[in-house]
Amino acid sequence: MARFIFITGGVVSSLGKGLMAASLAALLQARGYKVRIRKFDPYLNVDPGTMSPYQHGEVFVTDDGAETDLDLGHYERFTGVSAHQGDNITSGRIYQQIIAKERRGDYLGATVQVIPHVTDQIKEFALADVDDLDFVLCEFGGTVGDIEGLPFIEAIRQLRNELGREQTCAIHVTLVPYVSAAGELKTKPTQHSVRELTSLGVQPDLLLCRCEHELPESERRKIALFCNVRPEAVIQALDASSIYAVPAQYHQEGLDAEVLRHFGLTAPAPDMARWDDIIDRYVHPEGEVTIGVVGKYVGLPDAYKSLNEALVHGGMANRVKVNIRWIDAEIFEQDDSLIAAQLEPMHGILVPGGFGTRGTEGKIASVRFARERDVPFFGICLGMQMA
């Protein structure tokens, strides 16, 4: 029977819940367990396919053609498990399905409500197709306390009661900020976030505390006392030099061991050879190249997240450090004298896909420069059409 790990976030957004979920899944996988990660997004869009890249970053397209959250890219890259449409759901799709059922008469005239109908739909999604899995990691987007996230927290509460505490684990990712004027780490935001989560019926079992500085033992025990968890269940998560160093860092902090302890499981030590090799290749490159990416959404690098990671992976495979220079295609339309200045230092030029006419002339100018100067060029989708 699959065990469920529910991952929520508090205090602020962008704490790295997706990366944490991917890293924990990779560690459990390295111990021999079969895992899958699912993402629950509280926004009302049916999927991120029509959302602005500036607001949401890239759309990660799965093998079965689903347009999903970019976190699924992290899941797939870290675990090697192909994501599919059943791994990402939004409030928009949940309400769409519920309204379709109501129109068909599936509810037999009942009053359709958030509880139980919306929460039941969330639970149905979480429990689908898990028979052959050891662990299902469920990441919930947003921050605890957000209005749109309340049905998801309620669904967690219900699932924990229905499946039993021995089959579920709640991990809360939080922030322990450093106040430079006082020279101290402050635990109060974490205490309040956990109090909010607990007031909604979910007591976290583990706390992953993002912090800039080492978390002193005294602060760890203080968090444990006020948040009703064991001191060993308060895990610090310091910033890492690379996202690919995060699994090893979390293993050193004891995250995977504490999760297994919660479930009463014993397992062999994880085989970290693959991750050690990745870190070695990243930290000790034997060469260096600079690739210019000429696009229209470069103001937010997350708009090209998979592309960025693909270039990094190519560099690690060849023991080369890849410096990525993000270049706005529109600047070449405003001043063509910038073309040579921007592109001459590049060892290669990449023009990714995009939509609409904005920036197309700048992309064409980049293609022309690559052809005339014999610079290696790679065009993707619209970028290839520009060639």
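What follows is calculated from the coordinates using simple rules that are stated; it is not laboratory data. Here the structure is a predicted model, which is why all the values come from computation and not from measurement. Here the Cβ positions follow ideal geometry from the backbone for every residue, glycine too, while neighbour counts run over all protein chains shown.
Packing here is the average count of other Cβ atoms within 10 Å per residue, and on that basis the peptides 180-188, 20-28, highest first, run 20-28, 180-188.
Full extension of the chain between T290 and K34 gives 88.4 nm of extra length, using 0.36 nm per residue less the Cα-Cα distance.
A Cβ-based charge dipole, computed about the Cα centre of the range 291-343 with Lys and Arg at +1 and Asp and Glu at -1, lands at about 440 debye. Rounded to the nearest Hz, the phi-derived 3J(HN,Hα) couplings of the range 183-199 under the Karplus curve 6.51 cos²θ - 1.76 cosθ + 1.60 (θ = phi - 60°) are x, 9, 8, 10, 9, 4, x, 5, 4, 5, 5, 5, 4, 5, 5, 5, 5, where x marks glycine and proline.
Whole-Hz Karplus values for the range 115-128 come out as 10, x, 5, 5, 5, 5, 5, 5, 5, 4, 5, 5, 8, 6 Hz, taken residue by residue from phi with 6.51 cos²θ - 1.76 cosθ + 1.60 and θ = phi - 60°; glycine and proline positions read x. Which residues does the label zone of V130 cover in the range 250-269, counting backbone N under 15 Å from a point 7 Å along Cα→Cβ? Label zone hits: 263.
For the range 227-251, no residue has its backbone nitrogen under 13 Å from a point 7 Å from the Cα of A269, taken along Cα to Cβ.
Applying 1/(1 + (r/R0)^6) with r as the Cβ-Cβ distance of M384 and D280 and R0 = 25 angstrom yields a FRET efficiency of 0.15. Derived from the Cα gyration tensor, the three semi-axes of the equivalent ellipsoid of the range 3-275 are 30, 21, 19 Å, largest first. Across all directions, the shadow cast by the convex hull of the range 1-146 built on its C-alpha atoms averages 9.7 square nanometres. Phi-derived couplings, Karplus 6.51 cos²θ - 1.76 cosθ + 1.60 at θ = phi - 60°, listed residue by residue for the range 132-142: 9, 10, 8, 9, 10, 9, 10, 9, 10, x, x Hz, with x used for Gly and Pro. Close amide H contacts of L137 (hydrogens built in the peptide plane, cut-off under 5 Å, sequence separation of 5 or more or a different chain): I5, R36, I37, R38.
Annotation: lysines with alpha-carbon distance below 23 angstrom to K34 (same-chain offsets under eight excluded): K17, K123. Placing a label point 7 Å from the Cα of I115 along the Cα-to-Cβ direction, the residues of the range 124-167 whose backbone N falls under 14 Å from that point are 150-162. The protection proxy used here, the mean number of other Cβ atoms lying within 10 Å of each residue, ranks peptides 232-241, 261-270 as follows, highest first: 232-241, 261-270. A Förster radius of 35 Å combined with the Cβ-Cβ distance from L300 to V375 puts the calculated FRET efficiency at roughly 0.85. Placing unit charges on the Cβ atoms of the charged side chains and taking the dipole of the chain about its Cα centre, the candidate lying farthest along the positive direction among G109, L311, H347 is G109.
Ellipticity at 222 nm from helices only: DSSP H runs of n ≥ 4 in the chain, each -39500 (n - 2.57), divided by the residue count, give -12000 deg cm²/dmol.
By the equivalent-ellipsoid construction on the alpha carbon gyration tensor, the range 342-387 comes out with semi-axes of 18, 10, 9 Å, ordered largest to smallest. Length gained on full extension, E214 to L44: 57.4 nm, using 0.36 nm per residue less the C-alpha separation. Estimated at 0.36 nm per residue, the fully extended path between I331 and M1 surpasses their Cα-Cα distance by 113.2 nm. Relative contact order for the chain: 17 percent, from Cα pairs under 8 Å spaced at least 6 residues apart, divided by residue count. Here the dipole of the chain is about 580 debye; that uses its Cα centre as origin and unit charges on the Cβ of Lys and Arg (positive) and Asp and Glu (negative).
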